[in-house]
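In what follows, a single structure is set out as structure tokens and then discussed.
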Amino acid sequence: MVTVPLHRVAHARAGDKGNRLNVALFAYRPECFPLLVEQVTEEAVARQFAHRRPRGVTRYLLPRLQALNFVIDDVLEGGVNSSLCIDRHGKTLSYLLLDLAVCIPGELAGLIANNERRLK
């Protein structure tokens with residue numbers, strides 16, 4: 001097994017509504033989806049966002065899309081219109097989730113590395 005940042009095996013889209021963050025996580029490859037289901041849990045996401053003190057994290061599985069959707073409550077400091085922080089919209093926080101470390105089989109890491117080299 002090899003530990004890699006989540007962004008090596010998935011991409012994300014995020015948005016916000018008030019003080020609620022919504023992050024959808026999509027596996028790049030079908031082989032990655034079961035690993036995401038196993039490792040990117042509500043508890044793991046809550047730990048990743050712990051410094052923002054989420055009130056709750058709810059995960060929804062979307063197997064036909066090879067995706068997970070997370071609803072994270074109370075992490076936007078009151079929401080876009082209430083927060084005094086610059087650039088704390090939900091869209092920017094998807095990168096925080098994509099920094100989460102996950103373990104993948106070495107052979108899958110090799111496939112991902114080959115794909116990344118071809119894209120350069």
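Just checking, which of Leu93, Leu36, Leu21 is assigned to a strand (DSSP E or B) and either modelled with pLDDT of 80 or more or under 14 Å from the mean Cα position of the chain (by Cα) (or both)? Only one candidate qualifies: Leu21. Annotation: of all residues in segment 6-58 being without any contact (Cβ under 8 Å) to a residue 12 or more places away in the chain and closer than 21 Å to Ala109 by Cα, the one that is surrounded by the fewest Cβ atoms within 10 Å (Cβ to Cβ) is Glu38.
In this structure, Val45 does satisfy being touching a helix residue (DSSP H, G or I) at 6+ places or on another chain (Cβ under 7 Å) and either modelled with pLDDT under 95 or farther than 15 Å from Val4 by Cβ (or both).
Conditions tested, residue by residue: (1) over 18 Å from Leu93 (Cβ atoms); (2) hydrophobic (A, V, I, L, M, F, W, C).
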site: Ala12; (1), (2): no, yes
site: Arg20; (1), (2): no, no
site: Glu31; (1), (2): yes, no
site: Leu35; (1), (2): yes, yes
site: Thr58; (1), (2): no, no
site: Leu68; (1), (2): no, yes
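The values are calculated or read from the model by the stated rules, or taken from the named source; none is laboratory data. A quick note: this is a predicted structure, and the numbers were derived from the prediction, not measured. All Cβ positions, glycine included, derive from the backbone under ideal geometry; neighbour counts span all protein chains shown.
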